[in-house]
Amino acid sequence: ALQRGDTLNANRELLALGAANLASGLLQGMPVGAGFSASAANHGAGAQSRRAGAIACGVLGLAVAVA
C-alpha cells in the first residue's frame, strides 16, 4: 500500500483477519495468517486493481477443485 500511495487501516485489516479465522473455525478449516507476501507478489506481477487478489483466489480454487 505504501508503494502505491494507498492508505492503511489496521482496524479493517484485523477485522477481516478475525472474520476469516471465525469462518475457518466454524467450518473446521485451517487458521488464517496475515500473508503480506502475497500482496507484494501480486504487486510485483503488475496487478493494477484490488480485484487481482480475488481473481487469483478464484483461479487457485479452480485448480484445487480440478486436482
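For Val32, Val66, Val59, give the ranking by accessible area with the largest first, probe 1.4 Å. Numbers along the way, then the final one.
On the way: Val32 60, Val66 120, Val59 95 Å².
Order by accessible area, largest first: Val66, Val59, Val32.
Could you order Ser24, Ser49 by accessible surface area, starting with the largest, using a probe radius of 1.4 Å? Walk me through the numbers on the way to the answer.
Numbers: Ser24 15, Ser49 55 Å².
Accessible-area ranking of Ser24, Ser49, largest first: Ser49, Ser24.
Using 0.36 nm per residue of separation minus the Cα-Cα distance, give me the extension gain between Val59 and Val32 in nm, one decimal. Show your work: numbers first, answer last.
Values: separation 27, 0.36 × 27 = 9.72 nm, distance 1.89 nm.
That works out to 7.8 nm of additional length.
Hey, if we sort Leu22, Leu17 by accessible area with the 1.4 Å probe, largest down, what's the order?
Values: Leu22 110, Leu17 45 Å².
Greatest to least solvent exposure: Leu22, Leu17.
The values are calculated or read from the model by the stated rules, or taken from the named source; none is laboratory data. Owing to the predicted nature of the structure, the values given are computational and were not obtained by experimental measurement. Keep in mind that these areas ignore ligands, DNA and RNA; they rest on the heavy atoms of the full protein, side chains included. Shrake-Rupley method; radii C 1.70, N 1.55, O 1.52, S 1.80 Å.
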